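Notes to accompany the following structure.
The values are calculated or read from the model by the stated rules, or taken from the named source; none is laboratory data. The structure displayed is predicted, hence computed values, not measured ones. Methodologically, a virtual Cβ is constructed for each residue, glycine included, from the backbone with ideal geometry; neighbour enumeration extends over all protein chains shown. Accessible surface is based on the protein model in full, side chains and every heavy atom, while ligands, DNA and RNA are left aside. Shrake-Rupley method; radii C 1.70, N 1.55, O 1.52, S 1.80 Å.
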Amino acid sequence: MPKAATSFAEGPPGSHGTPLALIGTAGAPSWLSQRLDSGEHPDSVAAFRLARETFVAGQRIDMGRLATTLGIDRTSLFRWVGNRDSLLSEVLWSLAVPTLSQADQAHAHLKGADRVVAVLTAFAEDLISADYFRTFLRREPARALRLLTTNESEIQRRYVAVVEHLVRVEMGEHPFGTAINPADLAYLLVRISESHTYADLITGEMPSSGRVRAAFAFVMRSGG
C-alpha cells in the first residue's frame with residue numbers, strides 16, 4: 001500500500017488500476033463503491049477523498065470531524081457514504097487497487113505459479129511495510145481484522161476474486177489436476193497472506209515478507 005498514496009489520490013475506487021486489480025470491485029461491489037464509480041454523486045466522492053487523505057496521513061477517520069470539515073452534519077455524511085465501516089472498507093480497498101496494479105505490472109514477465117507467487121508476495125510486502133496501514137492496525141486491531149479478514153466487508157471477497165482470476169489465467173481451470181479448483185486455491189492463498197500480513201495481531205509475531213513468500217512458494221510447489 002505505501003506507493004498508493006499518490007497514484008490513486010484523485011479518483012474513486014474503480015477509476016484506476018490494471019484489469020487484475022479492478023476485478024475485485026467488479027466481483028463484490030458495494031452500495032458505496034457503486035456511488036463512487038457512477039460519477040453521479042460528487043458529494044460522496046469528495047467525502048471519500050477526504051477520508052482517504054486522512055487515513056494516508058496516519059489519522060483516525062472520525063465521522064464527526066469529517067462532517068465538520070466538509071461543512072455538513074453527520075446525517076448528511078451517512079447519507080453520502082454510509083457508516084464508518086463502509087467508508088473504511090472502500091478507503092482500504094482503494095489503496096489496495098494501485099498496490100495490486102504495481103505488483104501486476106512489475107511481474108508481468110513471469111508466468112504460471114511463479115507469477116502468482118511473485119504478485120501475491122509483492123502485495124503482502126507492501127502491506128507489511130506501509131507505516132500508515134500498520135498504524136491503523138495497531139490503533140483499531142479488532143475492527144481491522146473484521147474488515148480485512150472476514151466476509152463481513154467486501155475486502156476479503158474482493159481479494160479472493162482477484163487471486164482466483166490470477167490463478168485461472170496463470171494456471172488454468174485445474175491448477176494441480178483435480179486436487180483443487182481455482183476458487184479453493186485462491187481462498188487458501190488469501191488466508192496464507194492474511195495470517196502472515198497480520199501476524200502481529202493474530203499471534204503476536206512480527207510480520208515477515210520472507211515467511212509469506214516461502215509459504216506461497218511451498219503451497220504452489222507442493223501442489224504441482
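The rows are residues; the columns are (1) of a type in the set (A, V, I, L, M, F, W, C); (2) open to solvent by 90 Å² or more (accessible area, probe 1.4 Å); (3) under 20 Å from the mean Cα position of the chain (by Cα); (4) modelled with pLDDT under 95.
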{"residue": "Ala179", "(1), (2), (3), (4)": "yes, no, no, yes"}
{"residue": "Ile192", "(1), (2), (3), (4)": "yes, no, yes, no"}
{"residue": "Ser195", "(1), (2), (3), (4)": "no, no, yes, no"}
{"residue": "Phe216", "(1), (2), (3), (4)": "yes, no, yes, no"}
For helices (runs of 4 or more DSSP H) lying entirely in segment 63-120, having 2 or more residues that are open to solvent by less than 50 Å² (accessible area, probe 1.4 Å), more than 18 Å from Glu170 (Cβ to Cβ) and in contact with a Ser or Thr (Cβ under 6 Å, 6 or more places away or on another chain) picks out 74-81, 84-106
Subset of segment 85-110, residues free of Cβ contacts under 8 Å to residues at least 24 places away in the same chain and in contact with a Lys or Arg (Cβ under 9 Å, 6 or more places away or on another chain), comes to His107, Ala108, His109
Of those in segment 197-214 that are free of Cβ contacts under 8 Å to residues at least 40 places away in the same chain and not in a helix (DSSP H, G or I), the residue most open to solvent (accessible area, probe 1.4 Å) is Met206
